[in-house]
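Undergrad: Quick one: structure below, then a few questions.
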Amino acid sequence: MSDTARPRTRAWVIHPDIAGAGRLRDPALALEEAVALAHALPDLEVVGSAVVRLRKPDAGRLLGRGKLADLGQAITASEADLVLIDGPVSPVQQRNLEKEWGVKLLDRTGLILEIFSDRAATREGVLQVEMAALSYQRTRLVRAWTHLERQRGGLGFVGGPGETQIEADRRAIDTQLVRLRRQLDKVARTRGLHRAARAKVPFPIVALVGYTNAGKSTLFNRLTGAEVLAKDMLFATLDPTMRRVHLPDGGPEVILSDTVGFISDLPTELVAAFRATLEEVLEADLICHVRDIAHPESRAQAADVAAILGKLGVRDTVPRIEVWNKIDRLDEETRIAAVTQAARQGNVLAVSAVTGQGISDLVAAITRALADVTHESQLRLGFDEGRKRAWLFEKDLVETERQTSEGFEITVRWSTRQEAQFHEL
């Protein structure tokens, strides 16, 4: 069956706005993001959406009886097959809501897992998504078999008709998780070897990070000439892409890394599972934090990115440049104000990855930031190059040295600026 003939699932999207939950975002914009997440799955058709204000979530059904009935009517009228709740839903709440409305239900974590599963392209990405999905599924076994009444196993103190089946399924999932971890370890070791090989290459790593749909892949393409998937869509990029490139306008040679976009309330399963994918950020010599400056919640998105970088263990000492992208989407007055404001701040550049405005200034800023970043190089000096050798020792740059019949093989660790000074000797 062709993609055009494939039936689409009709989805209703609900954003619970819980009083006192401490969420800083505008509920309407949060709903807009949830709808955009739904659109990221090609087989979903959003037929309705709503912000539902709650004073307190109901432990059994999340929603009160009145809202439950009103939404049930709307869902039935739109002939929806699926309800997406933009937030956490407990297994009991999920089971009860599905029974009440007669539809399948996914919470925010489940939806993001579906998107990641649909997008994963590399072997490592597929394995990580599978692990995350299994970990998530393991916590929800209680709701999986209402039609077979297998959940009626009591509290675990006394065996019941469902207890054996649920425990068996948990064991099966645990066995699969062990198998996947072994496979992932092999992939991670291979990537470790690649990383070790890159460490011997005298090119610093520049990682592009940012909120999903901030324009990282478009910027990556602008800087590298590559053709990475760049769409106005959440999670358009999932697997990391790396290119060794000479940055334009006389910029340095670097390894540029495009990474998966971050998002608020990123499921903990995915933070853990994708830590290996984001190791490129941990290894980076420079982080370029790309922001969609035209988005009304750009500041809140930036805070989410900073929080996730902290969870991943990215050191504060790694140099960072903030890139205010999509200035082409601002009106002229706002654009001029953004460019002026960025110029007044340290390490902030206002650019448009689409039109190219500000890109040369960004490359210049990357070049300056990398000037003091150290990297390892292998040198061969003849016996007649004693002045260069003495300079290396004088600057305390020599890691190891081995004398050969033709001169010296020297391993040095230096900055790009020191390397340029050496070649001018």
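FYI, it's all coordinate maths here, none of it is from the lab. Nothing here was measured: the structure is a model prediction, and the numbers come from that model. FYI the Cβ positions are ideal-geometry reconstructions off the backbone, even for glycines, and counts take in every protein chain you see.
Undergrad: Could you work out how much longer the chain between VAL178 and LYS395 gets when fully extended? Use 0.36 nm per residue separation minus the Cα distance between them, nm to one decimal.
TA: Fully extending the segment from VAL178 to LYS395 adds 73.2 nm.
Undergrad: Still on this model: Within straight cross-link reach of LYS311, meaning Cα distance under 14 Å, which aspartates and glutamates are found once same-chain residues fewer than 8 apart are removed?
TA: By straight Cα distance, LYS311 reaches ASP265, GLU269, GLU279.
Undergrad: Bins of 10 Å, beginning at zero and ending with the bin holding the largest distance: percent of Cα pairs per bin for the stretch 40-85, please.
TA: Result returned by the calculation: 22, 51, 24, 3.
Undergrad: Students often forget the sequence filter, so: which lysines lie under 18 Å Cα-Cα from LYS216 once same-chain residues fewer than 8 apart are removed?
TA: LYS231, LYS326
Undergrad: I need the calculated FRET efficiency for the pair GLN403 and LYS311, taking r as the beta carbon distance and R₀ as 45 Å, to the nearest 0.05.
TA: Using R0 = 45 Å, I get an efficiency of 0.40.
Undergrad: Taking the Cα-to-Cβ direction at GLU32 and at HIS246 and moving 7 Å from each Cα, how far apart do the two end points lie in nm?
TA: 4.3
Undergrad: Given 0.36 nm per residue, what is the gain on full extension from ALA69 to THR367 after removing their alpha carbon distance, in nm?
TA: 101.3 nm
Undergrad: Let me ask something else. Computed FRET efficiency, Cβ-Cβ of ARG189 and GLU332, R0 56 Å: what is it to the nearest 0.05?
TA: For ARG189 and GLU332, the calculated efficiency is 0.60.
Undergrad: If the stretch 374-423 were replaced by its equivalent ellipsoid, with semi-axes equal to the square roots of 5 times the Cα gyration tensor eigenvalues, what would those be, largest first, whole Å?
TA: 18, 11, 9
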